[in-house]
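Take a look at the structure below.
The values are calculated or read from the model by the stated rules, or taken from the named source; none is laboratory data. Remember, predicted model here, so these are calculated numbers, not experimental data. Neighbour counts run over all protein chains shown; Cβ positions are idealised from the backbone, glycine included. Note: accessible area is taken over every heavy atom of the protein model, side chains too, but ligands, DNA and RNA are not part of it. Shrake-Rupley method; radii C 1.70, N 1.55, O 1.52, S 1.80 Å.
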Amino acid sequence: MPLPKRAIAASFLPDQYRYWYSLSKLAMDPLYEAVPGAFDDEREPLLDLGCGIGLLLHCLRASGCTLPYVGVDTDAAKIEAARVASARGGYNDADFQVCDLSVQFPKHRGSVALLDVLQYLPQQAQGTLLEQAVQCVSERGKLVIRTGLADGSWRSTMTRATDRFGHLVGWMKTSFKAQPSAQELRAVLQRHGLHAEFKPLWGRTPFNNWLVIARRSASAAA
């Protein structure tokens, strides 16, 4: 069932900027149609790292996914917008918190979403964040990642250039730092007992975005 994009965007009114931002993201980015499907069979609590204004919550609920949800982000203004929009949408069961993951990582056990975060961290910080996220994944949980990958393709080059340009003109507060390779990412996950499935998620965009769904090896085999 298609997402009710305008209804979701309307949750951010009367803020016209966030209304049009969310509507354009929902219309153009394949992430929001794809990720709820990764949690179709999930009942484990979800921790959304770098949740921004909380669009993922709205997409999950619109898709019939009712799992417990906590979203964290360093940007207090985005967290406040997420709280207001979730209440306007009738999702009072969700929790949004301001959290600097480099200082304090929230306690959690279940599933984790890490969407469009890794490429804005230096390589060492990527590894640290991944290890912290993996430790939160329960036996029945999942780690769902959306990230660009370093694979030498023209899409990879385009992704890096666009992220840097977006920071230069003020669209994004944080500039591109590094893309992990599929091999590096898979190795980190395997080292912590997770089996990962990689799916291209560029849709109609020119960007080298991938959806990575990782589970504990025993549950993946089952």
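Checking the structure you have, find out if any residue of the range 161-178 is of a type outside the set (Ser, Thr, Tyr), modelled with pLDDT of 70 or more, touching a strand residue (DSSP E or B) at 6+ places or on another chain (Cβ under 9 Å) and more than 17 Å from residue 70 (Cα to Cα). Within the range 161-178, not a single residue is of a type outside the set (Ser, Thr, Tyr), modelled with pLDDT of 70 or more, touching a strand residue (DSSP E or B) at 6+ places or on another chain (Cβ under 9 Å) and more than 17 Å from residue 70 (Cα to Cα). Pull up the range 13-32, narrow it to residues that are closer than 18 Å to residue 86 by Cα and not in a helix (DSSP H, G or I), then point me to the one that is most open to solvent (accessible area, probe 1.4 Å). This residue is 14. So which residues in the range 75-98 are of a type in the set (Gly, Ala, Ser), within 18 Å of residue 10 (Cβ to Cβ) and free of Cβ contacts under 8 Å to residues at least 60 places away in the same chain, if there are any at all? Selection gives 82, 87, 90, 94. Annotation note: of 146, 186, 140, the sole residue that is part of a loop (DSSP other than H, G, I, E, B), basic (Lys, Arg) and either at pLDDT 70 or above or surrounded by fewer than 13 Cβ atoms within 10 Å (Cβ to Cβ) (or both) is 140. Within the range 70-109, the set of residues being of a type in the set (Ser, Thr, Tyr) and either under 19 Å from residue 17 (Cβ atoms) or exposed (fewer than 13 other Cβ atoms within 10 Å of the Cβ) (or both) comprises 86, 102.
Filter the range 41-74 down to residues that are on the phi > 0 side of the Ramachandran plot and touching a residue at least 60 places away in the same chain (Cβ under 8 Å), then give me how many there are. Total satisfying the criteria: 1. Pairs linking a residue in the range 178-192 that is over 15 Å from residue 129 (Cα atoms) to a residue that is among the aromatic types (Phe, Trp, Tyr) and modelled with pLDDT of 90 or more, with Cβ atoms under 7 Å and 6 or more positions apart or on different chains, are 182/198.
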